[in-house]
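One structure below.
The values are calculated or read from the model by the stated rules, or taken from the named source; none is laboratory data. Given the structure is predicted, the values throughout are model-derived calculations rather than measurements. Note: ideal-geometry Cβ built from the backbone for every residue, glycine included; neighbour counts use all protein chains shown. Surface accessibility is based on the protein's heavy atoms, side chains included, excluding ligands, DNA and RNA. Shrake-Rupley method; radii C 1.70, N 1.55, O 1.52, S 1.80 Å.
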Amino acid sequence: MRISPFRAALFVSTLLLPGAAFAATYDVVILGGQVIDGTGAPAYRADIGLKGDRIARIAREGLKAEDGAQALDAKGLVVAPGFIDHHAHIATNIHEYPLAENFTRQGITTIVASLHSGAQPYPLKPYIDSLRVAPNVAFFTGHSFARDRVLGMQNRAPTPAELLRMQKIVADSMRDGAIGLSSGLVYVPANYAKPEEVIALAKVAACWGGIYVSHMRDEGAGVLDSVRETIQVAETAKLPGQINHHKVQGATQMGWSVQSLALIDAARARGVDFTLDVYPYTASSTGSSVMFPSWALAGGAEAYRARIADPAERKRLEADMLRILMVQRGGADLRKLQFRRVPSDPAFDGKTLEDMVKARGLKGTPQDAVQVIIDLQAKGGFTAIYHVMDEADVERIIRYPLTMVDSDGDPVGFDDGFPHPRTYGAFPRYLGRYVREKKVLSLPEAIRRITSMSADQIGQKQRGRIVEGSFADITVFDADRIADTADFETPHAYPVGIRHVIINGQPVIRAGAFTAALPGRALTDRPRPDRVRPDPSTPGCPSA
Ligand SMILES: [Zn+2]
């Protein structure tokens, strides 16, 4: 006798839950909620029945608690598809944080590791096969990683043979289930690359049905050129493009999102598939290298120390850094740089650049700040929060119809270090501050951006919506209460208003508490399966 998948699922669920009534039709029922289905449609009253990893029933007429082996109360709450985080730093360490608590407590059920710099799991397949985690995860393959492996810190273009090796790394990861190519062109050594190099790698991602995402080369004075470059890569390599965490930053660039979004409108009008994501904060967070011109860090730490010991080189460096501080970062207000971690002087974790400059007996001029940063870099650098964006730009970008949401967060242990508060609060802040309080978007539209729209972008048409037959990734939250509580002074603080989080049919958070379930899967489907094709002109493409 053949057992249908339907019967098999029923059999397994009754076996696993011996105490449950055998008459239960569903594994889980969600009762009393208002469904916002992720398509942008208005809320409606319905109960939901889950079976196995799927949404089996949406019952407008209602279900009873005994219809499910377990019942979740959603009275007065919104039942939405689980949120999809389009960019977070989980690529090499998510296995150390199986519950991904600072993400799942935000209602996030899928995390996209669109790595911008540094390491990535390579080969990818053994890593994703080994994962036992709560959320679903998807991986990109990084331009930075490929360049670093082949060229190290060298500031030059690859030879044809070297480019081939880089393309092979991208092809290996795409074959293993990466969903596209990511770049972090602001970082060294990635920013030694010309657009042609990125295009050559993006073409490999394209023929595997992948997409291209980028942390752009410049989010300050050069932001418009960087948007043009990102569009150029997508348009030339013929694959969907996406700006990660779009922002305009720097004391002299406020308001420039009007032009940056107009560039995207123009690209869309000529047929380029192009989108973006945002994190809802006016401060960014990254390493100290962004305070430096890229030439200054070429060749690694020893070369840097030699440069700052050379009076002529040092003078040139100071001038370039002063310009970066004044134009690209917070200007003369040194409180706008807040240290996260200073390994050479941990007493300053969480303190500002002004604090440090004054502690060294200096006056606090921008020139003083440059000297301190040069010195800190020689001792290993730092990570910092840069308060350098304008609220009006953040709102304008959130409102833009092609904008999704990301946390740009790190998996963290509670009270470990000094993370950007987005790590704990990006999605609740989006729904609390920007949707409920500022009314930048309606709630159904805001939900659509972080569910069905985000799922479609990564090729997950069976996620991100509450329809029968779809995967049961579901977040149940209180729309009147949802809010972030982490801020720049107290970053380790969980959000409020999120009641239940279900991933692949299994409650991961039930009534605010973790269940210990680890139902997350690696999402390796091709984002654009219709575009998978052999391409003899591009090395690394699938063979015919
Ligand atoms: Zn980034």
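Table for the structure above
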{"quantity": "Among the residues listed as GLY209, GLY220, the single one being in contact with a strand residue (DSSP E or B) (Cβ under 6 Å, 6 or more places away or on another chain) and not in a helix (DSSP H, G or I)", "calculated": "GLY220"}
{"quantity": "Helices (runs of 4 or more DSSP H) fully within region 93-180 counting 2 or more residues that are surrounded by fewer than 24 Cβ atoms within 10 Å (Cβ to Cβ) and of a type outside the set (Asp, Glu)", "calculated": "124-130, 143-151, 160-175"}
{"quantity": "Answer from THR109, THR141, THR104 - the residue that is within 16 Å of the ligand (Cβ to nearest atom) and touching a strand residue (DSSP E or B) at 6+ places or on another chain (Cβ under 7 Å)", "calculated": "THR141"}
{"quantity": "Qualifying helices (runs of 4 or more DSSP H) (wholly inside region 302-414; at least 1 residues being closer than 20 Å to PRO280 by Cβ)", "calculated": "391-399"}
{"quantity": "So HIS87, is it modelled with pLDDT of 95 or more and assigned to a helix (DSSP H, G or I)", "calculated": "no"}
{"quantity": "Any hit, region 91-104, residues being over 22 Å from GLY459 (Cα atoms) and of a type in the set (Gly, Ala, Ser)", "calculated": "yes"}
{"quantity": "Filtered residues of region 272-301 (kept if open to solvent by less than 50 Å² (accessible area, probe 1.4 Å) and in a loop (DSSP other than H, G, I, E, B))", "calculated": "VAL272, ASP273, TYR279, PRO280, TYR281, THR282, ALA283, PHE292, PRO293, ALA298, GLY300"}
{"quantity": "The one condition in (1) under 19 Å from the mean Cα position of the chain (by Cα); (2) within 15 Å of the ligand (Cβ to nearest atom) that ASN191 fails to fulfil", "calculated": "(1)"}
{"quantity": "Every residue from region 108-147 that is of a type in the set (Gly, Ala, Ser) and closer than 23 Å to ALA472 by Cβ", "calculated": "ALA113, ALA134, ALA138"}
{"quantity": "Scope region 67-93; condition under 26 Å from the mean Cα position of the chain (by Cα) and of a type in the set (A, V, I, L, M, F, W, C); matching residues", "calculated": "VAL78, VAL79, ALA80, PHE83, ILE84, ALA88, ILE90, ALA91"}
{"quantity": "Yes/no for SER117 being within 30 Å of PRO495 (Cα to Cα) and touching a residue at least 12 places away in the same chain (Cβ under 8 Å)", "calculated": "yes"}
{"quantity": "Qualifying residue in region 261-271 (condition: within 30 Å of LEU322 (Cα to Cα), within 14 Å of the ligand (Cβ to nearest atom) and open to solvent by 10 Å² or more (accessible area, probe 1.4 Å))", "calculated": "no"}
{"quantity": "Residue list for region 352-405, restricted to those being buried (at least 18 other Cβ atoms within 10 Å of the Cβ), in contact (Cβ under 8 Å) with a residue 60 or more places away in the chain and more than 30 Å from ILE450 (Cα to Cα)", "calculated": "ILE373, ILE374, LEU376, GLN377, GLY381, PHE382"}
{"quantity": "VAL198 vs. criteria within 16 Å of the ligand (Cβ to nearest atom) and either of a type in the set (S, T, N, Q) or closer than 23 Å to THR538 by Cβ (or both)", "calculated": "yes"}
{"quantity": "Verdict on SER183 being open to solvent by 30 Å² or more (accessible area, probe 1.4 Å), in contact (Cβ under 8 Å) with a residue 60 or more places away in the chain and within 16 Å of the ligand (Cβ to nearest atom)", "calculated": "no"}
{"quantity": "Hits in region 409-439 (condition: open to solvent by 10 Å² or more (accessible area, probe 1.4 Å) and within 15 Å of the ligand (Cβ to nearest atom))", "calculated": "ASP410"}
{"quantity": "Answer residue from region 203-249, given it is surrounded by fewer than 24 Cβ atoms within 10 Å (Cβ to Cβ) and hydroxyl-bearing (Ser, Thr, Tyr) and is farthest from the ligand (Cβ to nearest atom) among those", "calculated": "THR236"}
{"quantity": "VAL496 being in contact (Cβ under 8 Å) with a residue 60 or more places away in the chain and in contact with a strand residue (DSSP E or B) (Cβ under 7 Å, 6 or more places away or on another chain)", "calculated": "yes"}
